[in-house]
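The values are calculated or read from the model by the stated rules, or taken from the named source; none is laboratory data. This one's a predicted model, so the numbers in the text were calculated from it and none came from an experiment. When we count neighbours, we look across all protein chains shown, and the Cβ atoms used for this are built from the backbone with ideal geometry, even at glycine.
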Amino acid sequence: MSYTGLLLRRAQKELLEAWVWYEDRQPGLGDRFKNELDKRIGEIEKHPERYPQQTRPYRETRIDVFPYLIIYRLYKAKNLVIITSVFHTSRHPKNKYKK
């Protein structure tokens, strides 16, 4: 059973900031970042319980090649995955779960 993924506003903002940063460094790199993110989100939607629960109720997984984590919550009753953050790993870990 596949789930539907939804990015919260915070995650959307973090995604856009990362895309702009990478695109400023090298044209096309922002798109590569977005493609890797989309690929991982697709995997989360297919198998949301594959990735570990770090701090209840949040789960997280890395994005290949880029130093980012996808932080998300799973709502089984609604077949929904809420992505709360696209988190750069250099930021303080305490901020991963802040709203």
Condition broken by A77, with the remaining ones in (1) at pLDDT below 95; (2) assigned to a strand (DSSP E or B) satisfied: (2)
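Restricting to the stretch 23-33, name every residue that is touching a helix residue (DSSP H, G or I) at 6+ places or on another chain (Cβ under 6 Å) and either farther than 24 Å from L6 by Cα or not small (G, A, S) (or both). Outline the logic, then answer.
Of the stretch 23-33, the ones touching a helix residue (DSSP H, G or I) at 6+ places or on another chain (Cβ under 6 Å) are 23, 29-30, 33.
Residues satisfying the conditions are E23, L29, F33.
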Across the stretch 52-74, what is the number of residues that are under 12 Å from the mean Cα position of the chain (by Cα) and outside any strand (DSSP E or B)? 4
Hits in the stretch 15-67 - residues which are touching a Gly at 6+ places or on another chain (Cβ under 9 Å) and surrounded by fewer than 14 Cβ atoms within 10 Å (Cβ to Cβ): V20, W21, D24, G42
Tally, over the stretch 2-39, of residues that are in a helix (DSSP H, G or I) and either touching an Asp or Glu at 6+ places or on another chain (Cβ under 7 Å) or among the hydroxyl-bearing types (S, T, Y) (or both): 4
